[in-house]
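Comments concern the structure below.
Every number in this text was worked out from the coordinates using simple rules, so none of it is lab data. Remember, it's a predicted structure, so these values are computed and weren't measured experimentally. Cβ placement follows ideal geometry from the backbone for every residue including glycine, while neighbour counts extend to all protein chains displayed.
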Amino acid sequence: MPELPEVETIVNQLRPHLRGRQIAAVWVGWERIVDRPPVAEFCRRLVGQTFVAAERRGKFLLFPLHRGDTLLVHLRMTGHLRLLPSAVRPDRHTHVVLTLDDGQCLHYRDPRKFGRLYLVGDAQEVVGGLGPEPLAADFDVAALAAQLAGRRGRIKSLLLDQRFLAGLGNIYADEALFRAAIHPLRLGQSLTAEEITRLHAAVRAVLSEAIAAQGSTLRDYRSASGQSGRFQEQWQVFRRQGEACPRCGTALERMRVNGRSTHFCPSCQREDGGSADHRLLSPDCQVVSL
DNA sequence: ACCACAACCTGGCCGC
DNA sequence: TGCGGCCAGGTTGTGG
């Protein structure tokens, strides 16, 4: 479910509630949700620890604990974290419950059971292989260009590769490529300097705007406080195949890339890279009237 | 390096 | 209502 903006929203909402809270008890109902260490050790090591922070790296939530361990959560497709009163019983899709010292419980709920929890002494053991943080101050155009140099893979696949760039998923990859007017099948190393500049701006703009809207909601996604995001109202191409392109009116299309649905405008995003529309785009991806 | 595909799981939706 | 097929915001492993 969640990509970078949704995870950022959840972390920001959990932080004030978790900081300083001690874990009184741990319940695990589906052992495979705990990636490491073995479940018995996971529970034993967690009890008695206190949350000192709540952070995000890519799509991971990181919860540093006072004894030096870090609890990490990856929500994959359908994971949720909710703070609920301790009287609320876990439902059939709730697989882990952390009982806190203030009468609240942190529920990990995940119908598809794809998500994973990790408890490690060094968070780098889990997130060390991730690519750059797209919203970090030092992720500039040159950094993106360096990532793209020599890459022969399709740009859509690269954007989804968490070692290439951390945090983008299917929604924001498609939205960023549309804003930058780049065809999803273009090869990484084939992008011009102008296109890299546009892509850099597009990635950061779409993520920032999505965070401001508290993410996108599909089906029953809710943030930690139970609110839904609003960014799905601003999708320009995602799941809009057949509708008119908001920039040129051409019917939007859908294709498969890397086994993932990919949405794009065949007129604005030309595979040969030679779209006349380039002249209509400023570097910050806004349409410029001639 | 890169690609295609299966696997991990369950639920929702559509057509028959 | 039921059933089959397809779809899904992600990642990992295998084999080519």
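Give me the one-decimal nm value for the distance between modelled label points at residue A:112 and residue A:248, 7 Å along each residue's Cα-to-Cβ direction.
3.2
Only loop residues by DSSP count here, and only those with at most 15 other Cβ atoms within 10 Å; note down the chymotrypsin sites (Phe, Trp or Tyr not before Pro) in segment A:83-150 that meet that.
A:114
Apply the membrane-span-like helix rule to chain A: whole DSSP H runs, Cα extent along the own long axis of at least 24 Å, mean Kyte-Doolittle hydropathy at least -1.0. List the helices found.
Answer set is A:193-212.
So what are the radius of gyration and Dmax for the Cα set of segment A:141-280, in Å?
Here Rg and the maximum Cα pair distance are 14.8, 46 Å.
Considering only C-alpha atoms, what is the centroid distance from segment A:1-80 to segment A:155-208, in Å?
29
Which value at 222 nm does chain A reach when only helices count, each DSSP H run of 4 or more adding -39,500 (n - 2.57), with the total divided by all residues and rounded to the nearest 500 deg cm²/dmol?
The helix-only estimate for chain A comes to -7000 deg cm²/dmol at 222 nm.
Sticking with the crude label model, points 7 Å out along Cα→Cβ, report the distance from residue A:258 to residue A:218 in nm, one decimal please.
Once both label points are built, they end up 1.5 nm from each other.
Among A:206, A:52, which comes first, second and so on when ranked by fewest other beta-carbon atoms within 10 Å?
If I rank by nearby Cβ atoms, fewest first, I get A:52, A:206.
At 0.36 nm per residue, minus the direct Cα-Cα distance, what do residue A:122 and residue A:101 gain on full extension? Give it in nm, one decimal, please.
Computed gain between residue A:122 and residue A:101 is 5.0 nm.
With r defined as the distance between the Cβ atoms of residue A:22 and residue A:140 and R0 fixed at 35 Å, what FRET efficiency is calculated, to the nearest 0.05?
0.30
Which distance in nm do the two modelled labels at residue A:228 and residue A:55 give, with both placed 7 Å along the Cα-to-Cβ direction?
3.4
Fully extended, how many nm does the chain gain between residue A:239 and residue A:47 (0.36 nm per residue separation, minus their Cα-Cα distance)?
64.8 nm
Would you kindly give the portion of the calculated P(r) for chain A that falls above 29 Å, as a percent of all Cα pairs?
Considering chain A, 38 percent of its Cα-Cα pairs are separated by more than 29 Å.
What relative contact order, as a whole-number percentage, does chain A give when Cα pairs under 8 Å and 6 or more residues apart are counted?
Averaging sequence separation for qualifying contacts and normalising by length gives 17 percent for chain A.
When you count, for each residue, the other Cβ atoms within 10 Å and take the mean per peptide, how do A:61-71, A:144-154 rank with the highest first?
Highest mean packing first, the order is A:61-71, A:144-154.
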